[in-house]
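The values are calculated or read from the model by the stated rules, or taken from the named source; none is laboratory data. All values derive from a computational prediction rather than experimental measurement. We place every Cβ from the backbone using ideal geometry, glycine too, and count neighbours over all the protein chains shown.
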Amino acid sequence: MFMGPTMYFDILKTCVDCRRHFIFYAAEQKHWYEDLGFSTAADCVRCVDCRKLRQSDERSHADYQRLLSMGRKSLEDLSSFVNAALDLHRQGKLKSFEKVRAILNAATEAHPDSQSQEGITELRERIRSAEQGGDVDP
Ligand SMILES: [Zn+2]
């Protein structure tokens, strides 16, 4: 049986990440506490944009970890891996691409066909430009 509030009101809040005001809508509160079963102590502290950003950050992190420990990677896996690494780098969570490079080096040997080599070279280029821009971009 649901024991939380039975009435909800739109609440004006300030996002803890970007400090902008946003509205925690009554319908959204109802969804959180009744449909999703969140504790009524759970509070909404981030605006929708920042919540989305965090979710995609978490996804990049999970992708990076998963692909890092994966054995043989297809070119597609490598591309997802590099994308995740670049995302993490942008967020300041990945300081060095050393592991990424090591994996690309291993992949160069594992995929000797010219199409894969081309793809891997392109991934290397993306890392290089991220490193060069790394100190300039926020
Ligand atoms: Zn925000």
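Residues checked against (1) touching a helix residue (DSSP H, G or I) at 6+ places or on another chain (Cβ under 9 Å); (2) outside the structural domain of Ser96 (by TED's automatic domain parsing):
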| position | (1), (2) |
| --- | --- |
| Cys15 | yes, yes |
| Gln29 | no, yes |
| Trp32 | no, yes |
| Tyr64 | yes, no |
| Met70 | yes, no |
| Asp77 | yes, no |
| Phe81 | yes, no |
| Ala85 | yes, no |
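What are the pairs, 6+ residues apart or on separate chains, where a residue within segment 83-111 that is of a type in the set (A, V, I, L, M) has its Cβ under 7 Å from a residue that is loosely packed, with under 13 Cβ neighbours inside 10 Å?
Ala110/Arg72
Enumerate the pairs (first residue in segment 47-69 and at pLDDT below 95; second residue anywhere and more than 9 Å from the ligand (Cβ to nearest atom) and among the β-branched types (Val, Ile, Thr)) with beta-carbon separation below 8 Å, excluding pairs fewer than 6 apart on the same chain, so at least 6 apart or on different chains.
Leu68/Ile103
Yes/no matrix, rows are residues, columns are (1) within 16 Å of the ligand (Cβ to nearest atom); (2) of a type in the set (D, E, K, R):
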site	(1), (2)
Ile23	yes, no
Tyr33	no, no
Cys47	yes, no
Ser79	no, no
Arg90	no, yes
Lys99	no, yes
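Per-residue answers, yes or no, for (1) of a type in the set (D, E, K, R); (2) at pLDDT below 95; (3) in a loop (DSSP other than H, G, I, E, B):
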position: Met3; (1), (2), (3): no, yes, yes
position: Tyr8; (1), (2), (3): no, yes, yes
position: Val16; (1), (2), (3): no, no, yes
position: Arg19; (1), (2), (3): yes, no, yes
position: Ser39; (1), (2), (3): no, yes, yes
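Going through Arg101, Arg59 one at a time, which residue ends up being out of contact with any Asp or Glu (no Cβ under 9 Å at 6 or more places or on another chain) and under 28 Å from Ser129 (Cα atoms)?
Checking each option against the conditions leaves just Arg101.
Could you count how many residues in segment 87-131 are closer than 30 Å to Cys50 by Cβ and either outside the structural domain of Gly71 (by TED's automatic domain parsing) or not basic (Lys, Arg) (or both)?
Result for segment 87-131: 14.
Every residue in segment 41-51 that is assigned to a helix (DSSP H, G or I) and among the β-branched types (Val, Ile, Thr), please.
Val48
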